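A.B. asks: What follows is a structure written as structure tokens; I'll ask about it next.
The values are calculated or read from the model by the stated rules, or taken from the named source; none is laboratory data. Since the structure is predicted, the reported quantities are computational estimates derived from the model, not experimental observations. No Cβ is skipped: glycine too gets one built from the backbone with ideal geometry, and neighbour counts run over all protein chains shown. Calculation scope for accessible area: heavy atoms of the full protein, side chains included, ligands and nucleic acids excluded. Shrake-Rupley method; radii C 1.70, N 1.55, O 1.52, S 1.80 Å.
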Amino acid sequence: MQTIAAALTMVRDDAFFLKAWLRHYGEMFGRENCYIVNHGRGEEVARLAEGCNIIGIPGDPHPNFDMKRWRMLNNFVQGLRCYYNHIVVGDVDELVVVDPSDGRTLLDYLAQTKPRRILTPLGLEVVHRIDVEHDVITDHIIGPRRHVRLAPHYSKPCIVSHGAKIARGGHFTQYDQLHSPDELFLFHLKFCDFRNYSEVMNARNAVTDSVGAGVQEASIGRHWFAEARGEDRAVFEAFAEMDMQDGFDLGWVRKRMHRSWGPRGDTGFWNFNRPEYNQQYVLPDRFNGVI
């Protein structure tokens with residue numbers, strides 16, 4: 001029985017991403033060390049996550065959904081810290097990966113990482129280049145999908161072994177140090193498959209419609225609302241227009257994160273600048289199959 005690391009997420013349906021999450025963390029940490037908040041007590045989530053620790057909660061729509069969700073996840077994280085050295089917490093479409101060149105799994109890596117700190121992997125968004133990537137995803141995502149764009153918004157402080165509070169959305173913590181090891185990446189999968197994207201966005205738009213509050217009134221991510229969605233195919237076609245970069249040296253991004261690190265006003269949270277980068281990379285072959 002390992003007590004090095006546990007993984008925690010909250011999910012409502014989203015079978016596509018849950019399968020990837022379970023394959024990634026369930027196989028690495030052991031399903032008995034995976035904790036899934038089943039929002040709405042979905043039968044498919046319960047079936048797919050068999051062997052994990054499933055926490056069923058009511059699924060009634062609420063305009064402060066994100067606020068309530070992260071208040072609960074914060075409390076779960078701190079409770080789990082009583083039993084594990086590290087907690088990996090985040091959305092079901094966010095997976096933390098150790099660069100395969102390091103030679104260690106995430107579990108091996110965390111076994112050799114000092115506790116009482118928070119780690120911030122570098123965020124990369126996996127994008128489906130529909131003009132050149134025609135393979136259907138059947139199991140692993142990296143392989144059929146190889147293109148990523150820089151995503152500072154998803155460089156999240158998501159590996160927790162400290163008592164600091166996590167902000168709504170998981171983007172900031174009340175921890176005044178930035179640990180962003182070269183070996184760690186967070187892959188955000190929202191745009192990894194065109195067909196799945198459309199299906200997920202239809203479901204999320206239905207949720208926000210049922211809430212009855214607009215973008216300005218609700219504490220729900222703007223990207224859940226139909227009015228902020230845009231035309232799906234145009235979103236994916238635009239990925240081809242991003243500047244292609246040679247190689248895969250991203251040390252300069254981490255340096256910029258450290259240079260801009262500081263308090264987030266008087267909130268008690270800490271952050272770094274999160275500029276929009278119009279750059280894409282092709283993942284090296286060593287990443288094939290990591291998720």
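A.B. asks: In the stretch 56-83, which residues are open to solvent by 50 Å² or more (accessible area, probe 1.4 Å) and either free of Cβ contacts under 8 Å to residues at least 24 places away in the same chain or basic (K, R) (or both)?
C.D. replies: Scanning the stretch 56-83 gives P58, D60, K68, R71, N75, R81, C82.
A.B. asks: Specify the residue that is nearest to K19 (Cα to Cα); the eligible residues are those in the stretch 278-291 that are surrounded by 15 or more Cβ atoms within 10 Å (Cβ to Cβ) and in contact with a helix residue (DSSP H, G or I) (Cβ under 8 Å, 6 or more places away or on another chain).
C.D. replies: In the first step, residues of the stretch 278-291 are kept if they are surrounded by 15 or more Cβ atoms within 10 Å (Cβ to Cβ); the result is 280-283, 287, 290-291.
Then drop every residue that is not in contact with a helix residue (DSSP H, G or I) (Cβ under 8 Å, 6 or more places away or on another chain), which leaves 280, 287, 290-291.
On the way: Q280: 26, F287: 19, V290: 14, I291: 10 Å.
Checking each candidate, the answer is I291.
A.B. asks: Here's something else I'd like to know. In the stretch 50-77, what residues are acidic (D, E), touching a Gly at 6+ places or on another chain (Cβ under 9 Å) and either modelled with pLDDT of 95 or more or more than 14 Å from A167 (Cβ to Cβ) (or both)? I'd like the intermediate steps shown before the answer.
C.D. replies: Step one: of the stretch 50-77, the residues acidic (D, E) are 50, 60, 66.
With touching a Gly at 6+ places or on another chain (Cβ under 9 Å) added as a condition, the list becomes 60, 66.
Answer for the stretch 50-77, where residues must be acidic (D, E), touching a Gly at 6+ places or on another chain (Cβ under 9 Å) and either modelled with pLDDT of 95 or more or more than 14 Å from A167 (Cβ to Cβ) (or both): just D60.
A.B. asks: Please pick out the residue among D182, D102 that is open to solvent by 20 Å² or more (accessible area, probe 1.4 Å), over 25 Å from D14 (Cα atoms) and in contact with a Gly (Cβ under 9 Å, 6 or more places away or on another chain).
C.D. replies: Numbers: D102 fails: in contact with a Gly (Cβ under 9 Å, 6 or more places away or on another chain).
Selected residue: D182, the only one of D182, D102 that is open to solvent by 20 Å² or more (accessible area, probe 1.4 Å), over 25 Å from D14 (Cα atoms) and in contact with a Gly (Cβ under 9 Å, 6 or more places away or on another chain).
A.B. asks: Would you mind stating whether R41 is within 17 Å of the chain's Cα centre (by Cα) and open to solvent by 40 Å² or more (accessible area, probe 1.4 Å)?
C.D. replies: When the stated conditions are applied, R41 does not pass them.
A.B. asks: Confirm whether V132 is closer than 30 Å to V200 by Cβ and buried (at least 19 other Cβ atoms within 10 Å of the Cβ). Steps first, answer last, please.
C.D. replies: Values: closer than 30 Å to V200 by Cβ: yes; buried (at least 19 other Cβ atoms within 10 Å of the Cβ): no.
In short, no.
A.B. asks: Identify all residues within the stretch 238-291 that are among the polar types (S, T, N, Q) and in a loop (DSSP other than H, G, I, E, B); write none if there are none. Walk me through how you get there before you give the answer.
C.D. replies: To start, the set of residues in the stretch 238-291 that are among the polar types (S, T, N, Q) comprises 245, 260, 267, 271, 273, 278-280, 288.
Within the stretch 238-291, Q245, S260, T267, N273, N278, N288 meet the criteria.
A.B. asks: Do the conditions hold for I130, that is, is it touching a residue at least 12 places away in the same chain (Cβ under 8 Å), closer than 27 Å to R274 by Cβ and touching a helix residue (DSSP H, G or I) at 6+ places or on another chain (Cβ under 9 Å)?
C.D. replies: For I130, the condition - touching a residue at least 12 places away in the same chain (Cβ under 8 Å), closer than 27 Å to R274 by Cβ and touching a helix residue (DSSP H, G or I) at 6+ places or on another chain (Cβ under 9 Å) - is met.
A.B. asks: While we're on this one: Quick one: which of G123, G103 is touching a residue at least 12 places away in the same chain (Cβ under 8 Å) and small (G, A, S)? Step through it out loud before you land on a result.
C.D. replies: Details: G103 fails: touching a residue at least 12 places away in the same chain (Cβ under 8 Å).
The unique qualifying residue is G123.
A.B. asks: Moving to a separate point now. Taking the condition of being open to solvent by 30 Å² or more (accessible area, probe 1.4 Å), farther than 15 Å from I87 by Cβ and not acidic (D, E), how many residues in the stretch 2-22 meet it?
C.D. replies: 3
A.B. asks: In addition: Among the listed residues Y35, Y25, which satisfies the condition of being crowded, with 16+ Cβ neighbours inside 10 Å, touching a strand residue (DSSP E or B) at 6+ places or on another chain (Cβ under 9 Å) and within 16 Å of H188 (Cα to Cα)?
C.D. replies: Numbers: Y35 fails: within 16 Å of H188 (Cα to Cα).
Testing whether each residue is crowded, with 16+ Cβ neighbours inside 10 Å, touching a strand residue (DSSP E or B) at 6+ places or on another chain (Cβ under 9 Å) and within 16 Å of H188 (Cα to Cα) leaves just Y25.
A.B. asks: Check A111, A49 and return the single one that is closer than 15 Å to A6 by Cβ and touching a Cys at 6+ places or on another chain (Cβ under 9 Å). Write out each step before concluding.
C.D. replies: Values: A111 fails: touching a Cys at 6+ places or on another chain (Cβ under 9 Å).
After ruling out the rest, the residue left standing is A49.
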